[in-house]
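Worksheet: the structure to be examined is printed underneath.
The values are calculated or read from the model by the stated rules, or taken from the named source; none is laboratory data. Predicted model, so just to flag it, every value in this text is computed and none were measured. Cβ placement follows ideal geometry from the backbone for every residue including glycine, while neighbour counts extend to all protein chains displayed.
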Amino acid sequence: MDAIVTWNKGLSFTGTANSGFKIQLGADKDVGGDDDGFRPLELMALSLAGCTGMDVISILLKKREVITAFEVKVHHGRAEQYPKVFTDAVLEFHVTGHGIKENSVLRSIELSSEIYCPAQAMLSQIMPIEIKYFIYEDLGEDIRTLVSTGVYKSN
C-alpha cells in the first residue's frame, strides 16, 4: 500500500492512497493551520473504528442478524507531553436491530479483534484497548431500547 500527501498551502495537505480517493488534512488555527481538514491523529482514530467496524458489521450480516443501525465510537486518551501520542483507547460498538443475539455480537467483535483488523492489531501492541458493546432493539420511528451491554476485553 502506498500513500502520499501533497502540500496545498500553510499546514494544509491533500492525502491520496491506492484507492484514489482524496482526503483533506489540516491543522488547528492555534498552531498556525487554517482548520480546514482532518488532523492526522483523527485519521488514526477513524482507521481503528472503520477497520473493526467493517469487520463486525460484515460478520453480523453473514450471521443474518437484522441490523438497522450500527456505529463504532472510539475514545482516545492522549499524553500531555509532545509528541502527545495516544495512551489508550475505548471502542464502543452500538448495534441496533431486531432480535440481535448477544453471542453473535461478541463473536463478531472477537474475530475482528483477534484475527481480522490490522489497525487494532497494530495499535493494541502499543496501548491498551478496551472494548464495550451496546445492543438495542429497534422499536421504529427512531426509537430504540437498550437490551444488553458488556465489555469484550481490556488489554
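Condition check ((1) in a helix (DSSP H, G or I); (2) among the hydrophobic types (A, V, I, L, M, F, W, C)) across all residues:
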site: Ile115; (1), (2): yes, yes
site: Ile126; (1), (2): no, yes
site: Phe134; (1), (2): no, yes
site: Thr145; (1), (2): no, no
| task | Check Asp34, Asp88 and return the single one that is of a type in the set (Asp, Glu), outside any helix (DSSP H, G or I) and within 22 Å of the chain's Cα centre (by Cα). | result | Asp88
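Residues are listed down the side, and each one gets a yes or a no for (1) touching a Lys or Arg at 6+ places or on another chain (Cβ under 6 Å); (2) surrounded by 14 or more Cβ atoms within 10 Å (Cβ to Cβ); (3) assigned by TED's automatic domain parsing to the domain that holds Phe134:
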| residue | (1), (2), (3) |
| --- | --- |
| Met1 | no, no, no |
| Trp7 | no, no, no |
| Thr16 | yes, yes, no |
| Leu46 | no, yes, yes |
| Ser58 | no, yes, yes |
| Leu61 | no, no, yes |
| His76 | no, yes, yes |
| Pro83 | no, no, yes |
| Leu111 | no, yes, yes |
| Of the residues in region 57-82, how many are at pLDDT 95 or above and over 19 Å from Gln120 (Cα atoms)? | 12
| note | Picked from region 1-31 (must be part of a strand (DSSP E or B) and among the basic types (Lys, Arg)), the residue nearest to the chain's Cα centre (by Cα) is Lys22
| message | Given the condition farther than 28 Å from Met1 by Cβ, touching a residue at least 12 places away in the same chain (Cβ under 8 Å) and not small (Gly, Ala, Ser), answer yes or no: does some residue in region 108-129 qualify? | response | no
| remark: Sole miss for Thr52 among (1) farther than 30 Å from Lys9 by Cα; (2) of a type in the set (S, T, N, Q); (3) out of contact with any Leu (no Cβ under 7 Å at 6 or more places or on another chain); (4) touching a residue at least 12 places away in the same chain (Cβ under 8 Å) is condition (3)
| task | Return yes when Val66 is in contact with a Leu (Cβ under 8 Å, 6 or more places away or on another chain) and assigned by TED's automatic domain parsing to the domain that holds Leu146 and no when it is not. | result | no
| remark: Exception for Val31 within (1) surrounded by 14 or more Cβ atoms within 10 Å (Cβ to Cβ); (2) among the β-branched types (Val, Ile, Thr); (3) within 23 Å of Arg78 (Cα to Cα) falls at (1)
